[in-house]
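Down below is the structure, laid out as structure tokens.
The values are calculated or read from the model by the stated rules, or taken from the named source; none is laboratory data. It should be emphasised that the depicted structure is a prediction, and the values quoted were computed from it without experimental measurement. Every residue, glycine as well, gets a Cβ built from its backbone with ideal geometry; the counts of neighbours run over all protein chains shown. Note: accessible area is taken over every heavy atom of the protein model, side chains too, but ligands, DNA and RNA are not part of it. Shrake-Rupley method; radii C 1.70, N 1.55, O 1.52, S 1.80 Å.
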Amino acid sequence: MLETITDLSALRARIDGWRRAGLRVGFVPTMGNLHDGHYSLVRLARERADRVVASVFVNPTQFGPNEDFARYPRTPEADARGLDAAGCDLLWLPSVETMYPYGVESTVRVRVPGVTEVLEGAHRPGHFDGVATVVARLLNQVRPDVAVFGRKDYQQLAVVRYLVRDLAFPVELLGAQIVREADGLAMSSRNQYLSAEERPRAAEIHRCLQAMREAVLAGAPRAQVEDEALRRLAAAGFEPDYAVVRRDDLTEPADGEPGARVALVAARLGRTRLIDNLEFAVG
Ligand code: PAF
């Protein structure tokens, strides 16, 4: 039976009790409006831990001034029902005041260098500072043994890995596979912004990622693969921010170099900005 906690000392007391009983704690941080992608993270945490905590917090510090913080969907009752059904034990539901007791503007901020400066970081200035800041706080509040993040936010996972390693958070990180709709569209809370006409077209992003992978595996030069992907997305009515092939650490590979790769796309369809990626290996 899911318990909801909104007070930090109550959260600490409950989790300390589990710890004293020798139980392993899993954690799934979210911004709510949960879908099957999130529930798959909860199920993975469940496999790796005795108790599972999920947080729902729409974090103001990771939204830019022209982004969708105000209209970001908030569905707390449905989220609680879904978490309960997925086997979550505790919903951590802090207010903005609980998360940022000295105010959003005066809060201590965490900035991860390097990996935050490209792709999403370049298109959404300050976004990853907000993510790193809130993830550091959440990890200190929950103090989990294992924390699960989705691989759909590939760069976010890279940022969190750096954060955890550099600040020596005693937590194991797990990246969970992307969950897709039947037509390949990666599940996302933002998909509901798509109009009925846009929704089937949105699956083109996944087809484009697959085509990028096939072209790289067939030996096409990276620059050509990326240009062709941008053209393809534009022809399908998207405004792409980027379509790139990177090493798994998001640095640029040489053509033909063997190793792990990830193709990443961010593109706007109407008013909705979608991101997705596909991991594969060369050689
Ligand atoms: O991926 C998300 O939902 C958010 O970026 C996270 C990790 C919960 C931080 O607010």
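Which of the residues spanning region 174-201 are over 18 Å from residue 36 (Cα atoms) and outside any loop (DSSP other than H, G, I, E, B)?
If the condition is that a residue be over 18 Å from residue 36 (Cα atoms) and outside any loop (DSSP other than H, G, I, E, B), then 198, 200, 201 are the ones that fit.
Just for region 120-137: of the residues that are surrounded by fewer than 20 Cβ atoms within 10 Å (Cβ to Cβ) and of a type in the set (A, V, I, L, M, F, W, C), which one is nearest to residue 59 (Cα to Cα)?
My answer is 136.
Just give me the residues in region 258-282 being charged (D, E, K, R) and within 19 Å of the chain's Cα centre (by Cα), in sequence order. If you could, list the steps in order and put the result at the bottom.
Of the residues in region 258-282, the ones charged (D, E, K, R) are 261, 268, 271, 273, 276, 279.
Once the filter is applied, which keeps residues that are charged (D, E, K, R) and within 19 Å of the chain's Cα centre (by Cα), region 258-282 yields 261, 268, 273, 276, 279.
Could you list all residues from region 140-169 that are within 18 Å of residue 115 (Cα to Cα), touching a residue at least 60 places away in the same chain (Cβ under 8 Å) and open to solvent by less than 40 Å² (accessible area, probe 1.4 Å)?
Those that are within 18 Å of residue 115 (Cα to Cα), touching a residue at least 60 places away in the same chain (Cβ under 8 Å) and open to solvent by less than 40 Å² (accessible area, probe 1.4 Å): 149, 150, 152, 154, 155, 158.
Would you tally the residues in region 227-258 being surrounded by 17 or more Cβ atoms within 10 Å (Cβ to Cβ) and out of contact with any helix residue (DSSP H, G or I) (no Cβ under 8 Å at 6 or more places or on another chain)?
Looking only at that region, the number is 2.
Okay, residues lined up against (1) in contact (Cβ under 8 Å) with a residue 24 or more places away in the chain; (2) of a type in the set (Ser, Thr, Tyr); (3) under 27 Å from residue 122 (Cβ atoms):
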position	(1), (2), (3)
26	yes, no, no
31	yes, no, yes
34	yes, no, no
39	yes, yes, no
50	yes, no, no
54	yes, no, no
57	yes, no, yes
73	yes, no, yes
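Among the residues in region 53-61, are any in a loop (DSSP other than H, G, I, E, B), at pLDDT 95 or above, within 16 Å of the ligand (Cβ to nearest atom) and open to solvent by 30 Å² or more (accessible area, probe 1.4 Å)? Reasoning before the result, please.
At the first step, the residues of region 53-61 found to be in a loop (DSSP other than H, G, I, E, B) are 57-59.
Subsequent filtering for residues that are at pLDDT 95 or above retains 57-59.
With the extra rule that they be within 16 Å of the ligand (Cβ to nearest atom), the set shrinks to 57-59.
Still in the list and also open to solvent by 30 Å² or more (accessible area, probe 1.4 Å): none.
The answer is no; no qualifying residue exists.
Among the residues of region 93-110, is any in a loop (DSSP other than H, G, I, E, B), in contact (Cβ under 8 Å) with a residue 12 or more places away in the chain, among the small types (Gly, Ala, Ser) and open to solvent by 40 Å² or more (accessible area, probe 1.4 Å)?
Yes: one or more hits.
Identify, from the list 231, 222, 201, 261, the residue that is closer than 14 Å to residue 279 by Cβ and among the basic types (Lys, Arg). Explain how you work it out, then say what you get.
Numbers: 231 fails: closer than 14 Å to residue 279 by Cβ; 222 fails: closer than 14 Å to residue 279 by Cβ; 201 fails: closer than 14 Å to residue 279 by Cβ.
That would be 261, the only listed residue that is closer than 14 Å to residue 279 by Cβ and among the basic types (Lys, Arg).
What residue, among those in region 12-50 that are in contact with a helix residue (DSSP H, G or I) (Cβ under 8 Å, 6 or more places away or on another chain), away from the ligand (no atom under 16 Å from the Cβ) and in a helix (DSSP H, G or I), is most open to solvent (accessible area, probe 1.4 Å)?
Only one residue tops the list, namely 43.
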